[in-house]
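Asker: Following this message is one structure expressed as structure tokens.
The values are calculated or read from the model by the stated rules, or taken from the named source; none is laboratory data. Please read all numbers here as calculations on a predicted model, not as lab measurements. Note that we place each Cβ from the backbone using ideal geometry, even for glycine, and neighbour counts take in every protein chain shown. For accessibility, only protein heavy atoms count, side chains too; no ligands or nucleic acids. Shrake-Rupley method; radii C 1.70, N 1.55, O 1.52, S 1.80 Å.
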Amino acid sequence: MQRHVLQAGFMALVSLGLLACSELKQSRPILPVREYERLIVGRLDAEYVGTENCVSKCHKHDKLTEDFLHSVHGEQLTPETGLPLVNCESCHGPGSLAIEKIDEQIKSVGEAKAKCDTSKFLDIMHLPPQAQSLICLKCHSAASIPTIAHWNASPHALNDVSCFDCHKLHQGPRQKVSRDEMSELCYSCHPEVKAQNNLMSHHPLREKKMACVDCHDAHGSTQDKLLKGSTPKETCTRCHMEKQGPFVFEHGDVTENCANCHAPHGSVSPPLLNASMPFLCLQCHNAHTVDSASGVRQLFVNRCTDCHSQVHGSDLPSPGVTGGGTLRQ
């Protein structure tokens, strides 16, 4: 008898479980994004009041308003642009509670000193980096540069870097670092690159003739080191087109990765070589001898490029000479 009771109870639990699962499978309408924002803020009684109601009272004399209106985001405030509407509440959440007592402040301290209650906004700066980036990605994942699709698996995202670490939206209308300031921004996390760029042979970052984003895509890439292009060589030949090839006589080690011979950020050996010649070449090639007027001598002190000047490849052979495709023409 007891066994039958246990079996009946078990079947009843199974039925309840199946019923609960079927309820979970029911289709339900997705709430508007603003409803989820209210949930994240933690105050479901807050409402959206619009940018004008916010800034006209508590930021009317603030430079932030002027900078925002002249920024890329501020330009989208006019509905006739056809772009997704971006305003203060898109990032900070609904603002009705923040300006709820602003009229009382204006009466007590004056309009110039009245401020909204920022504690009622989404506490952006204390969110985890991934959550900070999600605030931006809710718009930029659908309408932005294609490489944003790589962001979540990029080295920056995986190392707790958020959009706000590089983009300072309230420091001016530009809302992103200028090319002149970019290297210093990157050096704050990559000091070893700064040290390499201070070496004798370097790319002209110090001279402001190029920037880190000329080679790297900070938002993500299919390559290692966030490089642009499909291969390291493709990244380099964006500027060094004469080295691109294809050549009839190719230098096998440089067909894909220029970093086999060159240190991209800086070196003591020009031009950005990993080691001085002939020692760089001797890492792969055996030393050989030449016949000269003074007799046979071994090449240990010569630069290989004194003879092999077409080191990246050539279309013109040198008959009867092994490896002659790289010889000076």
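Asker: Could you figure out which of (1) within 27 Å of HIS150 (Cα to Cα); (2) open to solvent by 50 Å² or more (accessible area, probe 1.4 Å) isn't true of THR231?
Answerer: Answer for THR231: the failing condition is (2).
Residues checked against (1) of a type in the set (A, V, I, L, M); (2) within 21 Å of CYS166 (Cβ to Cβ); (3) modelled with pLDDT of 90 or more:
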{"residue": "CYS212", "(1), (2), (3)": "no, yes, yes"}
{"residue": "LEU226", "(1), (2), (3)": "yes, yes, yes"}
{"residue": "GLY229", "(1), (2), (3)": "no, no, no"}
{"residue": "ARG238", "(1), (2), (3)": "no, no, yes"}
{"residue": "HIS251", "(1), (2), (3)": "no, no, no"}
{"residue": "ALA263", "(1), (2), (3)": "yes, no, yes"}
{"residue": "HIS288", "(1), (2), (3)": "no, no, no"}
{"residue": "ARG297", "(1), (2), (3)": "no, no, no"}
{"residue": "PHE300", "(1), (2), (3)": "no, no, no"}
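Asker: Let me ask another. Restricting attention to the range 225-283, report how many residues are of a type in the set (Ser, Thr, Tyr) and either over 27 Å from the mean Cα position of the chain (by Cα) or over 27 Å from ALA153 (Cβ atoms) (or both). Explain how you work it out, then say what you get.
Answerer: Step one: list which residues in the range 225-283 are of a type in the set (Ser, Thr, Tyr), which gives 230-231, 235, 237, 255, 267, 269, 276.
So of that shortlist, the ones also either over 27 Å from the mean Cα position of the chain (by Cα) or over 27 Å from ALA153 (Cβ atoms) (or both) come out as 255, 267, 269, 276.
Count: 4.
Asker: For the subset of the range 211-224 comprising residues that are assigned to a helix (DSSP H, G or I) and surrounded by 15 or more Cβ atoms within 10 Å (Cβ to Cβ), which member is nearest to the chain's Cα centre (by Cα)? Before the answer, list the steps.
Answerer: Start the filter on the range 211-224 by keeping residues that are assigned to a helix (DSSP H, G or I), which leaves 212-214, 224.
In the following step, the residues that additionally are surrounded by 15 or more Cβ atoms within 10 Å (Cβ to Cβ) were identified as 212-214.
Working: CYS212: 11, VAL213: 9, ASP214: 12 Å.
If we take residues in the range 211-224 being assigned to a helix (DSSP H, G or I) and surrounded by 15 or more Cβ atoms within 10 Å (Cβ to Cβ), then VAL213 is nearest to the chain's Cα centre (by Cα).
Asker: OK, next. Out of the range 155-189, which residues are more than 15 Å from the chain's Cα centre (by Cα) and among the aliphatic types (A, V, I, L, M)?
Answerer: Selection gives LEU169 alone.
Asker: Would you be able to tell me the number of residues in the range 243-281 that are closer than 20 Å to HIS203 by Cβ, of a type in the set (Gly, Ala, Ser) and either assigned to a helix (DSSP H, G or I) or in contact with a Leu (Cβ under 8 Å, 6 or more places away or on another chain) (or both)?
Answerer: Summing the residues that are closer than 20 Å to HIS203 by Cβ, of a type in the set (Gly, Ala, Ser) and either assigned to a helix (DSSP H, G or I) or in contact with a Leu (Cβ under 8 Å, 6 or more places away or on another chain) (or both) in the range 243-281 gives 5.
Asker: Of the conditions (1) modelled with pLDDT of 90 or more; (2) in contact with a helix residue (DSSP H, G or I) (Cβ under 8 Å, 6 or more places away or on another chain), GLU256 clears all except one; give me its number.
Answerer: Just one mismatch for GLU256, condition (1).
Asker: Next question. Examine the range 75-84 for a residue that is hydrophobic (A, V, I, L, M, F, W, C), under 22 Å from GLN175 (Cβ atoms), in a loop (DSSP other than H, G, I, E, B) and at pLDDT below 80, and state whether such a residue exists.
Answerer: The initial filter retains those residues of the range 75-84 that are hydrophobic (A, V, I, L, M, F, W, C), namely 77, 83.
Subsequent filtering for residues that are under 22 Å from GLN175 (Cβ atoms) retains 77, 83.
In the following step, the residues that additionally are in a loop (DSSP other than H, G, I, E, B) were identified as 83.
This time we only want the ones that are at pLDDT below 80, so: 83.
Yes, the conditions are met somewhere in the range 75-84.
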